[in-house]
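Here the structure comes first, spelled out in structure tokens, and everything after it is commentary.
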Amino acid sequence: MSEINQQVIADQLNISRTTVSRCFTNHKGINPKTRAEVFSLAAKLGYQYLQPRSEPKAGPKTRSVGVLICSDVEEFNRPDYESPGVELLPGISEFAQLHHWNTEVHFVSPFAASISDASYTKIQALKRRLWSGLILMYPFSPQIIGELTARFPCVSLVEQYGRVPVDTVDVNHYKGITALMDRLRQQGHTHIGFFSRRYAVEAVWSYRRFSAYVENLTRLGLHYNEQDVIHLDITSPATTEDGYRLVTERIKQGVTAWMCAADHQAYDLIKALQERGYRVPEDISVTGFDGILRPVDAPALDTVRIPYYEIGFAASRRLLDKINKRFDAPQEILLECRLQDGKTVGPPRQKLSSVH
């Protein structure tokens, strides 16, 4: 395998090596999105930038901050849809440029039980505690969150940890689900299911969206049936295919719409439904949550758009407060999301049939 260097990164992104170098040295003329793309690819390839041993004598102090992405690289880099994490990086990159941060992005294994795992120990800056603070993306186990927060100031993105006190910048899950439920109810849906999937690390964000789903069922005077909830707890089906089988069974029992905990789940579910002969939204409606770029040939999804850039920027600002030793109580900062119209929600099929 050839050596991973800045030229390899430049070639894959079709930019100059000078641009790549300027991304790592925080040059003010680099677009934040370009810098984020360089950081993300460097992390995927395992490239680690070696900083100078000494700081410049003049100019503002440069801090080094780590961004840890707890995800399988292949899952993060799926070719059929864009990972939400990709959209969080530009906000971090912009703040880093404004405040003279050197930022390192690394993937770590979601299967790791401790930071003594190889996916952590190979990161020299983490091992030697060279970072001023950490930004955490995707769910981490409570054990690892405890170990990291004991060593660094940390801020989590779109993932709250009820059992571990850690600062979080998140989206208002309740308002997003409320907007989607209102859209479904306005179309005439009264039997709505909730669909998620299994992950290597417990996805607490899906629980928050599920709890908002249950609350809105009550608010709208609709019936809650635990059989209409797929892939949420230890009693869930063993595989995603088993989940799709249960989805089709519940459709036969009257479910007319499925709320998915995330867009990528919704796109996969739509594909599975189409393979089984169902039309979306003519036969069944589907909603998502995230607002990621849709896959090629996929329908425009009815979803809510998370303000990714703003979350990345706000999390960096909160981390700076913690680095500056403003140790007030841990904060959970919630930003608003907005409804995004698509073509995957329509009236329930039985209502259409009754017209004929």
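The values are calculated or read from the model by the stated rules, or taken from the named source; none is laboratory data. The model shown is predicted, which means the values in this text are computed figures rather than measured ones. No Cβ is skipped: glycine too gets one built from the backbone with ideal geometry, and neighbour counts run over all protein chains shown. These accessible areas exclude ligands, DNA and RNA; they are computed on the full protein's heavy atoms, side chains included. Shrake-Rupley method; radii C 1.70, N 1.55, O 1.52, S 1.80 Å.
Does segment 304-334 hold any residues that are open to solvent by 40 Å² or more (accessible area, probe 1.4 Å) and in a strand (DSSP E or B), and which are they?
Result: Arg305, Glu332, Ile333, Leu334.
Determine which member of the set Gly254, Gly277 is in a loop (DSSP other than H, G, I, E, B), in contact with a His (Cβ under 7 Å, 6 or more places away or on another chain) and open to solvent by 10 Å² or more (accessible area, probe 1.4 Å).
Numbers: Gly277 fails: in contact with a His (Cβ under 7 Å, 6 or more places away or on another chain).
From the options Gly254, Gly277, the qualifying one is Gly254.
Right, Glu159: within 18 Å of Gly85 (Cα to Cα) and without any contact (Cβ under 8 Å) to a residue 60 or more places away in the chain or not?
On the way: within 18 Å of Gly85 (Cα to Cα): yes; without any contact (Cβ under 8 Å) to a residue 60 or more places away in the chain: yes.
So Glu159 fits the description; yes.
In segment 330-345, which residue that is over 19 Å from the mean Cα position of the chain (by Cα) and over 10 Å from Asp302 (Cα atoms) is modelled with the highest pLDDT? Can you show your working first?
First, the residues of segment 330-345 that are over 19 Å from the mean Cα position of the chain (by Cα): 330-331, 341-345.
From the residues that got through so far, the ones that are over 10 Å from Asp302 (Cα atoms) too are 330-331.
Values: Pro330: 85, Gln331: 88.
Result: Gln331.
Quick grid of which residues meet (1) open to solvent by 30 Å² or more (accessible area, probe 1.4 Å); (2) of a type in the set (Asp, Glu); (3) under 22 Å from the mean Cα position of the chain (by Cα):
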| site | (1), (2), (3) |
| --- | --- |
| Gln143 | yes, no, yes |
| Tyr174 | yes, no, yes |
| Leu184 | no, no, no |
| Tyr199 | yes, no, yes |
| Val204 | yes, no, yes |
| Asn225 | yes, no, no |
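Based on what the data block shows, is Lys343 farther than 23 Å from Val229 by Cβ, in contact with an Asp or Glu (Cβ under 8 Å, 6 or more places away or on another chain), open to solvent by 40 Å² or more (accessible area, probe 1.4 Å) and assigned to a loop (DSSP other than H, G, I, E, B)? Working first, answer last.
Values: farther than 23 Å from Val229 by Cβ: yes; in contact with an Asp or Glu (Cβ under 8 Å, 6 or more places away or on another chain): yes; open to solvent by 40 Å² or more (accessible area, probe 1.4 Å): yes; assigned to a loop (DSSP other than H, G, I, E, B): yes.
Judged against the criteria, Lys343 is a match.
Scan segment 94-109 and report the pairs whose first residue is at positive phi and modelled with pLDDT of 90 or more and whose second residue is open to solvent by less than 10 Å² (accessible area, probe 1.4 Å) and part of a strand (DSSP E or B), with Cβ atoms within less than 7 Å and a gap of 6+ or a chain change.
Pairs that qualify, where the first residue is at positive phi and modelled with pLDDT of 90 or more and the partner is open to solvent by less than 10 Å² (accessible area, probe 1.4 Å) and part of a strand (DSSP E or B): there are none.
Given (1) in contact with a Lys or Arg (Cβ under 8 Å, 6 or more places away or on another chain); (2) modelled with pLDDT of 90 or more, where does Ile144 come up short, assuming only one miss?
For Ile144, the exception is condition (1).
Exactly one condition in (1) open to solvent by 10 Å² or more (accessible area, probe 1.4 Å); (2) in contact (Cβ under 8 Å) with a residue 40 or more places away in the chain; (3) farther than 17 Å from Leu320 by Cα is false for Leu130; which is it?
(3)
Looking at (1) over 15 Å from the mean Cα position of the chain (by Cα); (2) open to solvent by less than 10 Å² (accessible area, probe 1.4 Å); (3) at pLDDT below 95, find the lone condition where Ser119 falls short.
Failing condition for Ser119: (2).
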